[in-house]
Amino acid sequence: WRYDYWHWPFYKKDVIEEKNMTRDEVVEYCAEWLIAAFQFGRHIIRIGREGLQGTPGPYVWTLGGVDEEGNDACNDLTDCYLEGALLARINDPTFGFRYSSRTRTETLRRVFECIRHGLGYPSIRNDDVLIPNLMHWFGHPLKDARRWVHQACMAPAPDTKLGAPAMRYPHPTLASAVKTIS
């Protein structure tokens, strides 16, 4: 889930162009959305909660990264989600931040601010390393590899049809075995 990336056109229209909402309202809505997502997992039975180490679910929302063309995908909505996390102060859903050498400095500061406040997130993943790995080990085309999100807990996978586990998991194991034998 890349809410900052997918919701950017709506944010741009409502906040920047038509001014139907203020940025502060968006930060509050982001915090409320996090709280609503946190409450969603309360129905999990005890053994499920213990298996998930007390969290309501393995939700990891992906922020930042690059777009399909390789440009920085961080935007003001990315910052709003990080500020909303500081307001809500909940442990789940958590964020995984896609860092790249093109990441905006102001967004990176907000990432470090969340970590400094002890939220335990966002975890930081390096696009400059993961995108080539997705292409090499999983055979994803560059355009799809640039669209990766956190699947389940922390596994990077494109948000396209090629990101399904059936495509992802057998191939690297087999590829590493073949490379070891040959």
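The values are calculated or read from the model by the stated rules, or taken from the named source; none is laboratory data. Quick caveat: nothing in here was measured; it's all calculated off a predicted structure. Cβ: placed from backbone, ideal geometry, glycine included. Neighbour counts: every protein chain shown.
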*asked:* Cβ-Cβ distance below 9 Å, separation of 6 or more or different chains: which pairs start in the stretch 1-24 with a residue that is in contact (Cβ under 8 Å) with a residue 40 or more places away in the chain and part of a loop (DSSP other than H, G, I, E, B) and end on one that is surrounded by 15 or more Cβ atoms within 10 Å (Cβ to Cβ) and among the charged types (D, E, K, R)?
replied: Trp1/Asp159; Arg2/Arg98; Arg2/Arg147; Arg2/Asp159
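Residue-wise test of (1) within 23 Å of Tyr59 (Cβ to Cβ); (2) at pLDDT below 95.
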site	(1), (2)
Glu113	yes, no
Ile124	yes, no
His136	no, yes
Leu142	no, no
Met154	yes, yes
*Can you spot a residue in the stretch 52-67 that is in a helix (DSSP H, G or I) and at pLDDT 95 or above?*
no
*The one condition in (1) more than 27 Å from Leu142 (Cα to Cα); (2) touching a Leu at 6+ places or on another chain (Cβ under 7 Å); (3) touching a residue at least 60 places away in the same chain (Cβ under 8 Å) that Thr78 fails to fulfil*: (1)
*For the stretch 75-93, state whether one or more residues are touching a Pro at 6+ places or on another chain (Cβ under 8 Å), buried (at least 18 other Cβ atoms within 10 Å of the Cβ) and either modelled with pLDDT under 85 or more than 22 Å from Pro122 (Cβ to Cβ) (or both).*
yes
*asked:* I need the full set of residues from the stretch 129-155 which are within 20 Å of Asp72 (Cβ to Cβ) and in contact (Cβ under 8 Å) with a residue 24 or more places away in the chain, in order please.
replied: Leu130, Ile131, Leu134, Lys143, Arg146, Arg147, Trp148, Val149, His150
*Output the residues belonging to the stretch 70-100 that are in a helix (DSSP H, G or I) and of a type outside the set (A, V, I, L, M).*
Asp76, Thr78, Asp79, Cys80, Tyr81, Glu83, Gly84
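Could you check the stretch 94-144 and list, in sequence order, the residues that are of a type in the set (A, V, I, L, M), more than 23 Å from Phe38 (Cα to Cα) and within 15 Å of the chain's Cα centre (by Cα)? Break it down into steps so the answer makes sense when it comes.
Step one: of the stretch 94-144, the residues of a type in the set (A, V, I, L, M) are 108, 111, 115, 119, 124, 129-131, 134-135, 142.
Subset that is more than 23 Å from Phe38 (Cα to Cα): 108, 129-131, 134-135, 142.
The answer is Leu108, Leu130, Ile131.
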